[in-house]
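**Student:** One structure, as structure tokens, below. Some questions next.
The values are calculated or read from the model by the stated rules, or taken from the named source; none is laboratory data. Being a predicted model, the structure only gives us computed values, none of them experimental. Backbone-built Cβ (ideal geometry, glycine too); neighbour counts: all protein chains shown. Areas reflect the complete protein model, heavy atoms only, side chains present, ligands, DNA and RNA absent. Shrake-Rupley method; radii C 1.70, N 1.55, O 1.52, S 1.80 Å.
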Amino acid sequence: MTVGSTINLLKTEHLSDEQSRQVEILISECRLADGLDLDLYLEPSSPLTADRTNQILAQENAELVGIVTLFDGDGLEVQGMVHPRCRRKGIGTALLNAARDEAKKRGATHLLLVCDTASRSGAEFALSLGAGEAYSEYVLQFDPAAAAPPDPKPAPLEEQIHLRRVGDDEAETLVRLSAADHEEPEEAVRSRMMTWLAEPNQRLYTGVRSDGTAVGMLRVAAFDENLYINTFSVLSPLRGRGYGRQMLTEIVRLLAPEGKPVRLEVETQNKNALSLYLSCGFVEIIAYRYYALPV
């Protein structure tokens, strides 16, 4: 696809080494110009979704000048950037239209445009397209100095939780936990879980009580140089017993030897979860606003 006389759009399921190098340069130059902590979904498609485009590149004479990335989360999330010297030339709109085409192929009804709340231009662009504000999230990062001291009185043995990494053979445990907690059809949950289990950058865990009862789950995803805790939940009837705190404390301990920042996201209106995360040593580093755009 061509935009103007020199800009070409390229859809890809997997970035080449050279494309990855150019993306890193683009991110660095946009960070320098905008003063924002930009994060993009740059993982290749999994074996189960190999026909899906995750990145759409805008190139000018073989130089990368723009990109949008797509991520299947609670909705089809879209993030993007255009080189500072190439803005206001229709490149961002062309990239977004290509993302819309991809969304239609996946059967999505809308896109979720992700904007750093510190970026006024990003919000203006989303609103100019007719997108409506959906919700906001904080990105929190674990800081050992902010963590509360360990509880001197550990939970009773029968209430103690340990994390068990889940493989393909235990996928049904995750399906049961997630379907029960979110009231989703098991088939939809199963498809999502199998996709995650097939992706090399994803790890899934169940929180298990000493009697063998699975009480919750979480997922760890490696993006760029960060580790993200996602899909974190405790079964509704079992909340309020400190299981979530134990799971968070344990996963942070397990990830510490990797030496990478550990992050998670939480909706700004979810006061209970936000309070838990802050008390466990997570601190706010970024705020994002999501804008829903029909495809």
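**Student:** Can you tell me which residue within the range 130-169, out of those that are open to solvent by less than 50 Å² (accessible area, probe 1.4 Å) and assigned to a helix (DSSP H, G or I), is farthest from TYR291 (Cα to Cα)?
**Tutor:** By that ranking, first place goes to GLU159.
**Student:** Within the range 70-110, can you find the residues that are among the small types (Gly, Ala, Ser) and out of contact with any helix residue (DSSP H, G or I) (no Cβ under 9 Å at 6 or more places or on another chain)? Give the derivation first.
**Tutor:** Going through the range 70-110, the residues among the small types (Gly, Ala, Ser) turn out to be 73, 75, 80, 90, 92, 94, 98-99, 103, 107-108.
GLY73, GLY75, GLY90, ALA94, ALA98, ALA99, ALA103, GLY107, listed by residue number.
**Student:** What is the one condition in (1) in contact with an Asp or Glu (Cβ under 7 Å, 6 or more places away or on another chain); (2) surrounded by 15 or more Cβ atoms within 10 Å (Cβ to Cβ) that VAL262 does not satisfy?
**Tutor:** (1)
**Student:** Same structure again: Considering THR195, THR213, THR206, which residue is surrounded by 20 or more Cβ atoms within 10 Å (Cβ to Cβ), over 22 Å from GLU267 (Cβ atoms) and among the hydroxyl-bearing types (Ser, Thr, Tyr)?
**Tutor:** THR206
**Student:** Something else about it: Given (1) at pLDDT 95 or above; (2) more than 14 Å from VAL139 (Cα to Cα); (3) of a type outside the set (Lys, Arg); (4) not in a helix (DSSP H, G or I), where does ILE251 come up short, assuming only one miss?
**Tutor:** (4)
**Student:** A further question on this structure: Which residues, counting only those in the range 222-243, are in contact with a Ser or Thr (Cβ under 8 Å, 6 or more places away or on another chain) and open to solvent by less than 30 Å² (accessible area, probe 1.4 Å)?
**Tutor:** Within the range 222-243, just SER233 meets the criteria.
**Student:** Just one of ALA103, ALA94, ALA98, ALA108 is under 18 Å from the mean Cα position of the chain (by Cα) and part of a helix (DSSP H, G or I); which is it? Give the derivation first.
**Tutor:** Numbers: ALA94 fails: under 18 Å from the mean Cα position of the chain (by Cα); ALA98 fails: under 18 Å from the mean Cα position of the chain (by Cα); ALA108 fails: part of a helix (DSSP H, G or I).
Within the list ALA103, ALA94, ALA98, ALA108, the selection yields ALA103.
Per-residue answers, yes or no, for (1) open to solvent by less than 60 Å² (accessible area, probe 1.4 Å); (2) on the phi < 0 side of the Ramachandran plot; (3) among the β-branched types (Val, Ile, Thr); (4) touching a Gly at 6+ places or on another chain (Cβ under 6 Å):
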{"position": "CYS86", "(1), (2), (3), (4)": "yes, yes, no, no"}
{"position": "GLY90", "(1), (2), (3), (4)": "yes, no, no, no"}
{"position": "ALA98", "(1), (2), (3), (4)": "yes, yes, no, no"}
{"position": "ASP101", "(1), (2), (3), (4)": "no, yes, no, no"}
{"position": "LEU112", "(1), (2), (3), (4)": "yes, yes, no, yes"}
{"position": "ALA118", "(1), (2), (3), (4)": "no, yes, no, no"}
{"position": "GLY122", "(1), (2), (3), (4)": "yes, yes, no, no"}
{"position": "PHE125", "(1), (2), (3), (4)": "no, yes, no, no"}
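**Student:** Next question. Considering only the range 76-91, how many residues are assigned to a helix (DSSP H, G or I) and under 23 Å from GLU265 (Cα atoms)?
**Tutor:** Summing the residues that are assigned to a helix (DSSP H, G or I) and under 23 Å from GLU265 (Cα atoms) in the range 76-91 gives 0.
**Student:** To continue, here is another question. When you scan the range 182-235, how many residues do you find that are more than 16 Å from the chain's Cα centre (by Cα), assigned to a helix (DSSP H, G or I) and not acidic (Asp, Glu)?
**Tutor:** Total meeting the criteria: 7.
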